[in-house]
Amino acid sequence: MAVPARTAIDGSETVTADGEALASIAFDGEIIHWRGPAPWLFVPVPADLVGEVRYAARLASYGWGVVPVEAAIGTTRFTTSLFPQGDTYLLPVKVAVQKAAGVGLGDRVSVRMRIVAR
């Protein structure tokens, strides 16, 4: 079933659920440690972008509110799922991604991610 096309909040692209991104989001954030699964670190989604994630999550989320994403930190691309945490979502940064991107706890990174229905 096709979802009507719409434009992302930031105007970046028209999005649909037919193999296209439900949302394309880019932001800068600090890598944090949270008491979640070690040894992963996380990048919180900024408050002003949470609404866009929630909108796309209506079609993409699969249990417990997690949201599948295709993400990139710098030139390092990976797939993962956003975890809901309080009023935001956390982007996990696995050890393999940390090593490939050369980043760690406390680093400020540029994140690009696409939310896609699976």
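Nothing in this text is a laboratory measurement; each read-out follows from the coordinates by a stated rule. The structure presented is a predicted model; accordingly, all values stated were derived computationally and were not measured. Reconstructed Cβ throughout: ideal geometry from the backbone, glycine too, with neighbour counts over all protein chains shown.
Before moving on, here are some points about what is shown:
- Inter-site label distance for TRP64 and GLU20 at 7 Å from Cα along Cβ, in nm: 3.2
- 5 angstrom amide H check on VAL111, placed H, neighbours 5+ away: PHE27, ASP28, GLY29
- The radius of gyration of the Cα set in region 22-115, together with its Dmax, comes out at 12.1, 33 angstrom.
- Per-residue 3J(HN,Hα) values for region 41-50, derived from phi via the Karplus relation 6.51 cos²θ - 1.76 cosθ + 1.60 with θ = phi - 60°, read 10, 9, 10, x, 6, x, 3, 6, 10, 4 Hz in sequence order (x marks Gly and Pro).
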